[in-house]
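Each remark here refers to the structure printed beneath this line.
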Amino acid sequence: KAETLYRQILKSSPQEFDALSLLGAVLCQKKELHKGLEYLRTALKLRPQSLNLLLNTGLCLQELDRNTEALEIFEKGDKLSTNSSVFLRGRATALLRLSRFSEALECYVSIEGKKANTAADDINHGLVLYELGKYEGSLARLAKARRADAADSTLLYNMGRCLLKLGKLEEALNLFDSALKISPDDSKTLIARAETARAMNDSASALLSIEHALTLDSKNSFARGFKA
């Protein structure tokens, strides 16, 4: 109903800012991202410093995996905003997706300094630390996030990866097993479990995990090479 009303307004007033920006937001919520972005971009030409509009545009671009463009929008919003962490969070996410890990880390440290970090921020902070080879710090961040959601299989997987890097093999194996109880057909966890079992000299268990992974993705080059 909102979409219909906004379209009616734009028929008579094609440059009506609120109708343009809100229609764009509605279309993005409906996952009609390219159409929504067109309206958001048109509205931005009218009010390029609108914080809500910049935020919606950045989030839409992230949904489209256009992270370089999203970063530009979030950086602009961050400069205009004096107290909000939402643009800083958007920058951090874009930088993480662009593999600009050191810059992303600075953002997450700033978010924490503002006491605005969420469980999702802690997870991403942990992922950035992992990519930078800071496995102890990564594990601590992920463990903090786990207290908010102990049944997140991806979180358990990422904690297991840290433990594997730290040589804590039995703990890593336990976490991978816990993750697989939640998501038994997750190939990346099966492969990580196989790596851990092999490091523990349990070739039979490693082979079972790899064979399971190959039933899910027979062309997985890592799993095929592991078995060979």
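The values are calculated or read from the model by the stated rules, or taken from the named source; none is laboratory data. Keep in mind that this is a model prediction, so the values were computed, not measured. Cβ coordinates were reconstructed from backbone atoms using ideal geometry, including for glycine residues, and neighbour counts include every protein chain displayed. Quick note on the areas: whole protein, heavy atoms, side chains included, nothing else; ligands and nucleic acids left out. Shrake-Rupley method; radii C 1.70, N 1.55, O 1.52, S 1.80 Å.
Among the residues of segment 117-128, is any touching a Gly at 6+ places or on another chain (Cβ under 7 Å), open to solvent by less than 60 Å² (accessible area, probe 1.4 Å), within 30 Å of residue 78 (Cα to Cα) and not in a loop (DSSP other than H, G, I, E, B)?
no
When residue 220 is evaluated against the numbered criteria (1) of a type in the set (S, T, N, Q); (2) modelled with pLDDT under 95; (3) surrounded by 22 or more Cβ atoms within 10 Å (Cβ to Cβ), which criterion, by number, is the only one it fails?
Looking at each condition in turn, residue 220 falls short on (3).
Can you find a residue in segment 139-152 that is over 22 Å from residue 89 (Cα atoms) and surrounded by fewer than 19 Cβ atoms within 10 Å (Cβ to Cβ)?
We begin by selecting, within segment 139-152, every residue over 22 Å from residue 89 (Cα atoms); these are 150-151.
Checking the rest, the ones that are also surrounded by fewer than 19 Cβ atoms within 10 Å (Cβ to Cβ) come to 150-151.
Within segment 139-152, one or more residues are over 22 Å from residue 89 (Cα atoms) and surrounded by fewer than 19 Cβ atoms within 10 Å (Cβ to Cβ).
For residues that are small (Gly, Ala, Ser), more than 15 Å from residue 142 (Cβ to Cβ), open to solvent by less than 60 Å² (accessible area, probe 1.4 Å) and part of a helix (DSSP H, G or I), tally how many sit in segment 163-212.
7
Report whether or not residue 120 is within 21 Å of residue 66 (Cα to Cα), at pLDDT below 95 and under 17 Å from the mean Cα position of the chain (by Cα). So that I can check it myself, show each step before the final result.
Values: within 21 Å of residue 66 (Cα to Cα): yes; at pLDDT below 95: yes; under 17 Å from the mean Cα position of the chain (by Cα): yes.
When the stated conditions are applied, residue 120 passes them.
Looking at (1) within 29 Å of residue 16 (Cα to Cα); (2) open to solvent by less than 60 Å² (accessible area, probe 1.4 Å); (3) more than 15 Å from the chain's Cα centre (by Cα), can you tell me which one residue 83 breaks?
Here residue 83 clears every test but (2).
Find all pairs meeting these conditions: Cβ atoms under 8 angstrom apart; at least six residues apart or on different chains; first residue within segment 169-182 and in contact (Cβ under 8 Å) with a residue 12 or more places away in the chain; second residue aromatic (Phe, Trp, Tyr) and in a helix (DSSP H, G or I).
Close Cβ pairs satisfying both conditions: 175/157; 176/157; 179/157.
Is there any pair with a first residue in segment 43-65 that is surrounded by fewer than 20 Cβ atoms within 10 Å (Cβ to Cβ) and a second that is not in a helix (DSSP H, G or I) whose Cβ atoms are under 6 Å apart and which are 6 or more apart or on different chains, and what are they?
51/81
Just give me the residues in segment 2-21 being crowded, with 16+ Cβ neighbours inside 10 Å, over 17 Å from residue 51 (Cα atoms) and touching a residue at least 24 places away in the same chain (Cβ under 8 Å), in sequence order.
none
Restricting attention to segment 27-42, and to residues there that are within 27 Å of residue 83 (Cβ to Cβ) and over 22 Å from the mean Cα position of the chain (by Cα), which single residue is surrounded by the fewest Cβ atoms within 10 Å (Cβ to Cβ)?
41
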